[in-house]
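The values are calculated or read from the model by the stated rules, or taken from the named source; none is laboratory data. Since the structure is predicted, the reported quantities are computational estimates derived from the model, not experimental observations. With ideal geometry, Cβ positions are generated from the backbone for all residues, glycine too; neighbour counts draw on all protein chains shown. When the accessible area is computed, the model is the full protein with side chains, heavy atoms only, and any ligands, DNA or RNA have been set aside. Shrake-Rupley method; radii C 1.70, N 1.55, O 1.52, S 1.80 Å.
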Amino acid sequence: MDIITIELFDLTVSQAVFEVQRVIDTHPGSAIRIVLDEEMHKVNVIKLLEKQGRQTSINIQGQVVTIDVKSEKRPTFLPPAVVIPAEPKSLPIPPVMILSSSIGTSDYMQGQRLLIEILRRADKQIPWIGLAHDGIAILRDPNGQKVLKDLVGAGVSIRISRESAMFYPEETSGFEVIEDSEWQTLLLKGNVTRF
């Protein structure tokens, strides 16, 4: 009977538990070796295995934890281990919030051109790009305004902070408005990329 090895690196806790359940479902009763490096993964995987009445032994070497799950059948021989790599799930791209008018402080014009160039290369899967505070200065630059309009044309929503829209109504007209509390909460939770 094969020993199936699952590596649970770079996954969320739910993805790791799902991957273990998938292997248990597709290889019922098989011996399984689970390799991971996150404490929460370990706790949740062991809970899953205990609920299913599977016997485990744990080996910890540094940050790497190996959980051996005994087979439910007696093997007549132990062939080489079969490695089934976990399929990493791509995480959603977070929104982007532009709060500065340029990157760096030494050369404002160069810093603004660099920031506009980053926006030009932005992944079109970004759910939205927000502008607030000094970030509104990008709208005053013709190249910046063109890049933002191109992004809107590609399906990326450009959102202007309600507070900034009140102070700069001409520059910000034609773009969506985002409540300041929404982007501020995302920023505090680390769920938005900030420039």
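For the set ARG22, ARG194, ARG121, solvent exposure ranked by accessible area (probe 1.4 Å, protein chains only) runs largest to smallest as ARG121, ARG194, ARG22.
Between helix 13-26 and the chain there is an angle of about 40 degrees, using the helix long axis and the longest principal axis of the Cα atoms. Here the accessible area of the chain is 53 percent carbon and sulfur, with a 1.4 angstrom probe and all protein chains present. ASP25 exposes around 100 Å² of accessible area when a 1.4 Å probe is run over every protein chain in place.
Taking only protein heavy atoms and a 1.4 Å probe, what accessible area per residue, in Å², does region 1-158 have with all protein chains in place? Here the residues of region 1-158 average 58 Å² of exposed surface. Counting heavy atoms of the protein chains alone, LYS146 has an accessible area of about 110 Å² for a 1.4 Å probe.
Rounded to the nearest 20, the Cβ-based charge dipole of the chain about its Cα centre (Lys and Arg +1, Asp and Glu -1) stands at 520 debye. From its DSSP helices (H runs of at least four residues, each -39,500 (n - 2.57)), the chain gives a residue-normalised ellipticity at 222 nm of -10500 deg cm²/dmol.
Ordering TYR108, TYR168 by accessible surface, largest first, gives TYR108, TYR168; the 1.4 Å probe counts only protein heavy atoms, with every chain in place. When the chain is treated as a Gaussian network with alpha carbon springs shorter than 10 Å, the biggest mean-square fluctuation among PRO127, PRO95, PRO28 belongs to PRO28.
Computed with a 1.4 Å probe on the full set of protein chains, the accessible area for THR5 sits at about 20 Å².
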